[in-house]
Amino acid sequence: MGTLISSLNMALQSMQAEQEALSTTTNNISNVNTPGYTRQTVSFEETQPVQYGGMLFGNGVALGQITSQRDNLLQTRFEQETQQQSKYSSYLGTMQQVQTLFNETTGNGLQSSITSFFNSLQQLSTSPSDTSLRQGVLTSAQNLAQSFNNTANNLQQLQHNADLTVGQSVNQINNLTSQIAGLNVQISSATVTGQNAGTFIDQRDQLVSQLSGLVDVSTIDTGNGSVTLTTSSGTALVAGNQSFQLTAQTNPATGLQDIYSQGSDITSSLTGGSLAGAIQARDQTIPSIVSSLDSLASGIGNSMNSINKAGTDLNGNAGGAFFTVPSAGSTGAASSIRVAITDPSKIAGSLNGSAGDNSNINAMIALQNQPIVNGQSPLNAYSDLVFQVGNDVSTAQSESTSAQAMVQQLQNQIGSVSGVSINEESVNLVQYERAYQAAAQVSAVVSSLTAEAINLGQTVTAS
């Protein structure tokens, strides 16, 4: 049955509930600009009514739960898209640096060096015995060899830089997984005891998002608020309160770092995050470009050597090697090619032995249009290489832009669910404030009535 005391208790309960709601709203407003913060809402529950005779009397309100407004499906999709966007961005960053090595408009690239070399031979054919023209051929040949050397060395440096990124990423991954395992413990403890673990979950989501930027991650909810993290291929990263450290070990065959988990090499199974992008550039694209460059250097070098050996020089002697290139295969040709001739008279431009004969020089010039590089002419082979690099960059740019747009869209969707709206929180603030004031007014009225009842009782007793 309703009494003044029960009414006072209901008013006090209401004030306490509204005070907690006000505190939650204030916390939301305070964190409006906090990255990763998830908006919290409160729920109110009617307390168990009191039965008196055949009637039920309401017994006030109680605060239900404080709930973080998050959409786990959107969060999972966001992490997946982050993995791909980070992969494309990492790969693109390296490939844009590779592309600058083949930019003819800025003075880089090999096309001008190849063209200048054959042009110098063309000039020499007009006066085969001219020493200055012969020296011009050697200078152009040295410039060509140096261009090959520089491009190959720069590619090797970019590969080395990508390898350094791999090692750094492994350290970052281990740091993040260790923190996530620690948060798993805090979240599970709070969940079991019925406390709000929203703050810890926000922190963990932020760390998982950072981890997704580094490596492909799959998240499995194991109950009690804890999660298990693996790579997309199933390699364990976090399980409950335990994190599994990755290690980077130098491969003696390549000199590059392979990634191991619990003794198993997982390098080739990584498919997402900036780590996968660095590995793709390091292990696939750059080696492919170097191989094409080696074939070009080897094709020009070996073909020139064969023709020079078939002729005679200004001294009437049989020609020797024009370039120094690997004797077996083309591997390493671009980085090691050198001009073997130092004396201009050793250029074997004649086929009949006379100083004025340019027959062998013409044979050298003809190489410019012959299929000496995997069935292609030197310039066509080089053009295909440049096209492939440009195509790789263009594709990566397109994929990165598309993935970034998807990440942004998911961020907006998550924000609409989990983000703090100042307007909405302001409305809630006023609503909870007025409810608190009304409950306080009830409390004041009941207190006044109670005092009057007590005074009335004392007056009756005295009379």
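Each reported figure results from applying straightforward, stated rules to the coordinates on display, with no laboratory input. Values in this document were obtained by computation on a predicted structure and should not be read as measured data. Backbone-built Cβ (ideal geometry, glycine too); neighbour counts: all protein chains shown.
Quick notes on this one:
- Test item: Cα-centred dipole of region 1-131, Lys/Arg +1 and Asp/Glu -1 on Cβ, debye: 60
- The peptide list 277-290, 95-108, put in order of mean Cβ contacts within 10 Å with the highest first, becomes 277-290, 95-108.
- Other-chain or far-sequence residues with amide H under 5 Å of Phe44's (modelled H): Gly64
- Sites Arg434 and Gln245, calculated FRET efficiency, Cβ-Cβ separation with R0 60 Å, nearest 0.05: 0.65
- Relative to the longest principal axis of the Cα atoms of the chain, the long axis of helix 131-192 makes an angle of roughly 20 degrees.
- Nitroxide proxy distance, nm - points 7 Å out along Cα→Cβ at Ser112 and Gln69: 6.0
- Selection from Ala451, Ser354, Thr331, by position along the positive dipole direction of the chain (Cβ): Ser354
- Once the Cβ-Cβ distance of Ala451 and Asn423 is raised to the sixth power relative to R0 = 41 Å, the FRET efficiency obtained is 0.45.
- Relative contact order (percent, whole number), region 248-396, Cα cutoff 8 Å, 6+ residue spacing: 19
- Seen from Ile361, the other residues with C-beta closer than 12 Å to its C-beta sum to a net charge of -2, counting Lys and Arg as +1 and Asp and Glu as -1.
- In the chain, the longest principal axis of the Cα atoms and the axis of helix 286-310 are about 0 degrees apart.
- Whether region 76-409 is rounded, prolate or oblate, judged on the alpha carbon gyration tensor where a/c under 1.5 counts as rounded: prolate
- Ordering Arg204, Arg338 from the fewest to the most neighbouring beta carbons within 10 Å gives Arg338, Arg204.
- Cβ-Cβ distance of Met55 and Asn171, R₀ of 60 Å, FRET efficiency by 1/(1 + (r/R0)^6): the value works out to about 0.30.
- Rounded to the nearest 10 degrees, the inclination of helix 4-30 to the longest alpha-carbon principal axis of the chain is 20 degrees.
- The Cα center of region 1-73 and the Cα center of region 170-247 differ in position by 31 Å.
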